[in-house]
Amino acid sequence: GFAAATRIRGGADFIASFGANVTERRDFEAIASAFNGANFVTVLIDARSPDALTQPRLIDAVDRFQDWLRAQPEVGSAVSYVDQLKLTNLALNNNDPLHFAVPNDDAAVKQVLLFASGDALNRLIDPQYRSAVISVRINVDGSQAIGDFLARAEARAAELPAPLEARFTGSSVLATQAVEALAGGHLASIAIAIVAIAALLSLMFTSVKAGLVATVPNLVPIAVYFGTLGMLNIPLNPTTSLIACIVLGIAVNDTVHFLARFN
């Protein structure tokens with residue numbers, strides 16, 4: 001059981017937790033189908049100094065990172081201030097396709113961004129041109145799939161040139177991180193509980209050896225439960241974690257009652 005438990009992964013299917021006929025799930029899936037994704041991940045790009053994001057060199061790095069994001073199978077779209085910059089530059093040059101590009105110097109970039117200023121641009125870059133966001137729509141929902149995408153995206157973001165730094169956030173990211181933290185913390189809490197149980201039983205018998213022997217029956221249901229999860233490829237999520245706590249609680253309760261009477 002413990003050997004099979006090593007194959008467990010933390011994960012939760014957020015929308016799939018609802019029944020197939022639930023209105024919220026049907027609406028979510030309809031939006032996801034129409035727009036190639038209904039979940040959003042926000043990438044915060046921080047350049048740390050004012051006007052840094054008007055430098056063509058850094059803009060090109062953000063643009064290439066955005067193109068990389070669009071090429072990922074989980075991504076339906078990715079939008080940033082670079083898109084606004086290119087579109088405005090195109091409009092200011094009589095829609096000449098050659099000008100769907102970033103201007104060559106900082107001053108020209110600032111002028112184009114000034115023309116593009118408005119609510120749409122303000123949602124993507126701050127007025128000091130120091131930080132910006134890339135809004136990424138993704139077409140996956142489960143925490144495992146989102147976690148795999150984030151791992152790749154964070155590795156690619158680490159390649160951005162200085163002083164650019166990228167951080168990922170959004171409800172999908174936070175939910176995925178919470179599930180992963182729950183899975184990791186749960187295993188630690190089980191280990192702590194076993195140690196506490198062994199100490200309690202040692203006190204009951206006034207013998208460490210007897211306490212350790214009496215701990216064995218409490219390990220059996222844990223091994224069976226987690227081994228079953230591992231063999232059937234069932235992820236460790238808030239629901240399955242709760243069941244594990246109940247399993248351990250019942251085993252400990254029965255053990256203490258039995259050994260108290262035996263003692």
query: What distance in nm separates the simple spin-label points at T239 and D119, each placed 7 Å from Cα in the Cβ direction?
result: 4.0
message: Need the full-extension length gain, H99 to A3, defined as separation in residues times 0.36 nm minus the C-alpha distance. One decimal, nm.
response: 28.5 nm
query: So, how do all the Cα-to-Cα distances of the chain break down into 5 Å bins, in percent, from 0 on up?
result: 1, 5, 10, 12, 11, 10, 9, 8, 7, 6, 5, 5, 4, 2, 2, 1, 1, 0, 0
task: Please give the contour-minus-distance gain from S131 to D27: 0.36 nm per residue of separation, less the Cα-Cα distance, rounded to one decimal in nm.
output: 34.1 nm
message: Given points 7 Å out from each Cα along the Cα-Cβ axis, report the V208 to A196 separation in nanometres with one decimal.
response: 2.1
query: Restricting attention to segment 1-76, which chymotrypsin sites (Phe, Trp or Tyr not before Pro) occupy a DSSP loop and are surrounded by at most 15 other Cβ atoms within 10 Å?
result: F18
Mean separation of Cα contacts under 8 Å (6+ apart) over length of the chain, as relative contact order %: 31
- prompt: In whole Å, what is the distance between the alpha-carbon centres of segment 187-263 and segment 150-184?
  reply: 35
task: Could you tell me what % of all Cα pairs in segment 28-72 have separations over 13 Å?
output: 67
- request: Would you mind getting me the FRET efficiency between A61 and L174? Use the beta-carbon distance for r and R0 = 30 Å, nearest 0.05.
  value: 0.70
message: If I ignore ligands, DNA and RNA and count only protein heavy atoms, how much of T23 is accessible to a 1.4 Å probe, in Å² to the nearest 10?
response: 70
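The values are calculated or read from the model by the stated rules, or taken from the named source; none is laboratory data. Quick caveat: nothing in here was measured; it's all calculated off a predicted structure. Positions of Cβ are backbone-derived with ideal geometry, glycine not excepted, and every protein chain shown enters the neighbour counts. Surface accessibility is based on the protein's heavy atoms, side chains included, excluding ligands, DNA and RNA. Shrake-Rupley method; radii C 1.70, N 1.55, O 1.52, S 1.80 Å.
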